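Visitor: There's a structure below that I have some questions on.
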Amino acid sequence: PASAATVGRRASAMIIEIENASPHDFVLDGSYLPFGELLGPVITARATTRLELQPSPVAGIHAVFWFADNEHHNVYLSMTTFMRQFCPTTFSCFAGVPPANLKQEAKRAPRLEEGSVIKASDGSCTWTGSPDHVKVKIPEEVPVFSPATAASCRGGGDSQGWVVVSDADEASAANFLAQTRPCDASDGLKRGMYHACGGLAMGFGTALCAPIFGARQGGAKGFFKGLGMGVAGGAALTVGGVAAGAAQICRGVAGTYAAHRGRQEEKVWDQNTGRWVDINLCELEVRIENDTDDGAEADEANVDGGATVTVKDTEYYDLLKVAPGAGPSEIKKAYYKEARQCHPDKNPDDAAATAKFQKLHEVYQVLSDPETRKKYDLEGQAGVAEKASTFDPAAFFSLLFGSERFVPWTGELELAMQCDHFAKSAFNATQSSTDGQDAMEDDDKLTKQVKRRQLRREVKCAVHLREKTERFVYGRDEAGFEEQMRLEARELASATFGPELLASLGEIYQLRAEIYLANEMHGRHSVAKRVASMKHNLAMVRHNMGLAGAFAGSALHLRKMYTVATSANSIAAKKEEKAEQSNSQGHDATTEQDAPKRERKPDAGGEGDEHKPGADDPESWDEESAKMLESAIDDALPTFLQTAWSYVVRDIDSTMRDVGRKFLQDKSVPWQIRIRRAQALQRLGQIFAAAAQEEAERGERPRSVAAEEAKARLQEAIIGATKDK
């Protein structure tokens, strides 16, 4: 145990002498210094370097800092120390491979005792000294850090000392109690209030409505009978809701300690399993590679991309400039690339470009579908001459919002997945109309497939971020990373809705990075963390309010369209009724009887001489109604497009939140790497936001679209998304 003199001394400067026998020069790579200041951030190869930690006047020293070799940046020197008045001094050091969580290692660091020799827990280095003077010896041979990959997880490779756990448990996912378990006390309180208020509302509604329905059906006797049933039912619903709410609050309180530990260990709450889990991005990457049951990747599995294929006709492949063995993703990219070059908007009054655009559309219809592609490969164009039309929701929304370039960043939009799910559900319902049980099972299966597709989307986006930020995270080439991202941002900004998509991505990237860095560098309950969380919540509220406003505007336009359509139907009915009356009079009346009627017609109709087309003539009414309906639709198209866009923004917010968790809380890499990932994500968000702002300031792309532009976009998206079979 530490002596009283050692524990009771005032905190002074701490000296760390590093005897570096390795051939690596180390430079400071990062630090977490709640209290204290580090001096001397360079460690020379094969020499002794002196570092000095200056204490805070009140709190002493609490420092977590690490160095990386100056050449390849894959050899680390990680240190933690804690020195405070009336507390024993602790110190730990790791050379070569960083620990799983250096910040947590500070809590497990051994005490510094006079004359004691301590060996690192991984055996990479040793140190000795007194509480205010430490001597660290770095051996000549130190291990090299290499990040985990999907290949290493697939082959059961070495995880280099840290233990990671999969974030999926299909067995417990089916447990209803687990799926409804609150993560902590605040979540339990929120759920409890929801259940209690819901029970009270349903109880009050039952007690109020039951006597009314009873009186309508049974008079006074029915009223009193309904009153009794309403009071009993309302009381039961109220008690049930309050009991369910109290149970949720108790469950939340019971899980508070587990939530505290889970957040300290950077775990994520998984509502499907009802527990705190670690995220391993590499294992998730392997999982989605092996999971091809949802049909999203089935088409790609049917065509062996890159293989040598013998086909009867190569004209379609030549138009897209791809090999006959190209995979679906390669064909899709080639189609978008070629179609952009000859798009009618970019080539006005160019008949050749329009013809090529239409031909490319026809080619993509054939080659994007595995069955028609097989027929084309075997029989040529004759085999795909007769085809029935189908609709591809993913292609529709990609063309509508220009999001095909953003697919690696945003994944398949939820609108596309939901439309595809709805279409398949409707098809299954028509096929299984005689068996309702089969239809329900098919719908349940499709719902699970949508969830798996969403998981695949999140993992792929997280993997894409990991690959894009490697230059910053591992290569330390910050200038090169920024230049590369600026070039890509400019290219993305040129797409339809490109600036808006960039602005949304840039905003959510910065918010997620700020929250993570504030949590790790300042603490979960710090002012910085609360400010970052508040900014994130305000952004989400703003986007939700925008979506609500867009829905309200769309509802008003729908009401206007409904009114115009109802008026048109009424006019059509009047026209039909008048035609029937005219035919009846023509058959029953004589020529002599028609003459007096013609004389009386001005008196019956008022001022007959002033009758004008369009006043009461059904033909004129029909034409005017058609014009009014067309005008109402044209006026509504920009609002409908804005509503769809607002939904896309909210979808990006939700998806990128989960993508950020998988990217920033990935336990397949150590804590220091996760910090660098957050810094890279924050810088990437700033670059995207700046590119979007620059594009907006040019004034060439108005945020709102006119009716004609909205109509043109919808028509192009529908044509491009329509496939023939």
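Residue-by-condition table, conditions (1) at pLDDT 95 or above; (2) closer than 24 Å to GLU488 by Cβ; (3) surrounded by fewer than 21 Cβ atoms within 10 Å (Cβ to Cβ):
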site: ALA680; (1), (2), (3): yes, yes, no
site: ARG703; (1), (2), (3): no, yes, yes
site: ALA706; (1), (2), (3): no, no, yes
site: LYS711; (1), (2), (3): no, no, yes
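Visitor: Go through region 130-185 and give me each residue that's part of a loop (DSSP other than H, G, I, E, B), exposed (fewer than 14 other Cβ atoms within 10 Å of the Cβ) and at pLDDT 65 or above.
Guide: Listed by number, the residues that qualify are GLU140, GLU141, VAL144, SER146.
Visitor: Here is a check on your reading of the model: is ILE118 buried (at least 17 other Cβ atoms within 10 Å of the Cβ), modelled with pLDDT of 80 or more and touching a Gly at 6+ places or on another chain (Cβ under 7 Å)?
Guide: So ILE118 does not fit the description; no.
Visitor: Output the residue which, of all residues in region 516-564 that are open to solvent by less than 50 Å² (accessible area, probe 1.4 Å) and within 19 Å of the chain's Cα centre (by Cα), is farthest from PHE640 (Cα to Cα). Steps first, answer last, please.
Guide: So the first thing to find is which residues in region 516-564 are open to solvent by less than 50 Å² (accessible area, probe 1.4 Å), and the list is 516-521, 523, 526, 528-529, 532-533, 536, 539-540, 543, 546-547, 549-550, 553-554, 557, 561, 564.
Now restrict to residues that are within 19 Å of the chain's Cα centre (by Cα): 516, 533, 536, 539-540, 543, 546-547.
Details: TYR516: 36, SER533: 31, HIS536: 27, ALA539: 22, MET540: 21, HIS543: 16, GLY546: 13, LEU547: 11 Å.
Looking at the filtered set, the residue picked out is TYR516.
Visitor: What are the pairs with Cβ atoms under 9 angstrom where one residue, in region 265-284, is within 24 Å of PRO147 (Cβ to Cβ) and the other, located anywhere, is open to solvent by 60 Å² or more (accessible area, probe 1.4 Å) and at pLDDT 90 or above? Sequence gap at least six, or different chains.
Guide: What qualifies is VAL268/ARG661; ILE279/ARG661.
Visitor: Under the condition of being β-branched (Val, Ile, Thr) and either touching an Asp or Glu at 6+ places or on another chain (Cβ under 9 Å) or under 28 Å from GLY411 (Cα atoms) (or both), which residue from region 308-352 is modelled with the highest pLDDT? First the steps, then the outcome.
Guide: Step one: of region 308-352, the residues β-branched (Val, Ile, Thr) are 308-311, 314, 322, 331.
Then drop every residue that is not either touching an Asp or Glu at 6+ places or on another chain (Cβ under 9 Å) or under 28 Å from GLY411 (Cα atoms) (or both), which leaves 309-311, 322, 331.
Working: VAL309: 62, THR310: 72, VAL311: 77, VAL322: 85, ILE331: 82.
Applying the filter and picking the extreme gives VAL322.
Visitor: Residues of region 11-37 being open to solvent by less than 40 Å² (accessible area, probe 1.4 Å) and without any contact (Cβ under 8 Å) to a residue 60 or more places away in the chain, which ones?
Guide: PHE26, GLY36, listed by residue number.
Visitor: I would also like to ask the following. Just to verify a result, which residue in region 656-678, among those that are of a type in the set (S, T, N, Q) and assigned to a loop (DSSP other than H, G, I, E, B), is least open to solvent (accessible area, probe 1.4 Å)? Spell out how you get there, then give the answer.
Guide: Quick first cut of region 656-678, residues of a type in the set (S, T, N, Q) only: 665, 668, 672.
If we keep only those that are assigned to a loop (DSSP other than H, G, I, E, B) too, we end up with 665, 668.
Details: GLN665: 35, SER668: 4 Å².
My answer is SER668.
Visitor: In addition: Please work out which residue is nearest to THR90 (Cα to Cα), limiting yourself to region 31-51 and to residues that are modelled with pLDDT of 90 or more and not polar (S, T, N, Q).
Guide: Out of the qualifying residues, it is LEU51.
Visitor: How many residues does region 245-272 contain that are under 18 Å from MET193 (Cβ atoms) and open to solvent by less than 40 Å² (accessible area, probe 1.4 Å)?
Guide: The number of residues fulfilling the criteria is 4.
Visitor: How many of the residues making up region 83-103 are under 19 Å from PRO57 (Cα atoms) and crowded, with 23+ Cβ neighbours inside 10 Å?
Guide: So the count comes out to 2.
Visitor: Please enumerate the residues belonging to region 46-67 that are in contact with a Leu (Cβ under 8 Å, 6 or more places away or on another chain), open to solvent by less than 10 Å² (accessible area, probe 1.4 Å) and not β-branched (Val, Ile, Thr).
Guide: At the first step, the residues of region 46-67 found to be in contact with a Leu (Cβ under 8 Å, 6 or more places away or on another chain) are 51-54, 61-67.
Filter again for open to solvent by less than 10 Å² (accessible area, probe 1.4 Å), leaving 51, 53, 61, 63-67.
Selection gives LEU51, LEU53, ALA63, PHE65, TRP66, PHE67.
Visitor: Name every residue in region 448-487 that is open to solvent by 20 Å² or more (accessible area, probe 1.4 Å) and among the polar types (S, T, N, Q), in order of residue number. If you could, list the steps in order and put the result at the bottom.
Guide: Residues of region 448-487 that are open to solvent by 20 Å² or more (accessible area, probe 1.4 Å), as a first pass: 448-455, 460, 464, 466-468, 470-471, 474-479, 482-484, 486-487.
Of everything in region 448-487, those that are open to solvent by 20 Å² or more (accessible area, probe 1.4 Å) and among the polar types (S, T, N, Q) turn out to be GLN449, GLN454, GLN484.
Visitor: Test ALA439 against the stated conditions and say whether it is open to solvent by less than 40 Å² (accessible area, probe 1.4 Å), at pLDDT below 95, among the aliphatic types (A, V, I, L, M) and under 23 Å from THR655 (Cβ atoms).
Guide: Working: open to solvent by less than 40 Å² (accessible area, probe 1.4 Å): yes; at pLDDT below 95: yes; among the aliphatic types (A, V, I, L, M): yes; under 23 Å from THR655 (Cβ atoms): no.
So ALA439 fails the test.
Visitor: Counting only residues that are touching a His at 6+ places or on another chain (Cβ under 9 Å) and closer than 19 Å to PRO139 by Cβ, how many does region 32-45 have?
Guide: Looking only at that region, the number is 2.
Visitor: Here's something else I'd like to know. Tally the residues that are open to solvent by 10 Å² or more (accessible area, probe 1.4 Å) and under 24 Å from ARG46 (Cα atoms), restricting the search to region 68-82. Walk me through it before giving the result.
Guide: Let us first name the residues in region 68-82 that are open to solvent by 10 Å² or more (accessible area, probe 1.4 Å), namely 70-74, 82.
Checking which are under 24 Å from ARG46 (Cα atoms) leaves us with 70-74.
The number of residues fulfilling the criteria is 5.
Visitor: Give me the residue from region 348-375 that is in a helix (DSSP H, G or I) and among the acidic types (Asp, Glu) and, out of that set, most open to solvent (accessible area, probe 1.4 Å).
Guide: Narrowing region 348-375 to residues in a helix (DSSP H, G or I): 351-367, 370-375.
Subset that is among the acidic types (Asp, Glu): 362, 371.
On the way: GLU362: 66, GLU371: 126 Å².
Only one residue fits best here, namely GLU371.
Visitor: Among the candidates ALA615, ALA595, ALA626, ALA604, which residue alone is farther than 30 Å from THR496 by Cβ, modelled with pLDDT under 75 and either within 32 Å of the chain's Cα centre (by Cα) or surrounded by 12 or more Cβ atoms within 10 Å (Cβ to Cβ) (or both)?
Guide: Residue meeting the stated conditions: ALA626.
The values are calculated or read from the model by the stated rules, or taken from the named source; none is laboratory data. All of these numbers come straight from a predicted model, not from anything done at the bench. A quick note on method: Cβ atoms are made from the backbone with ideal geometry, for glycine too, and the neighbour counts reach across all protein chains shown. The accessibility values were calculated without ligands, DNA or RNA, using every heavy atom of the protein model including side chains. Shrake-Rupley method; radii C 1.70, N 1.55, O 1.52, S 1.80 Å.
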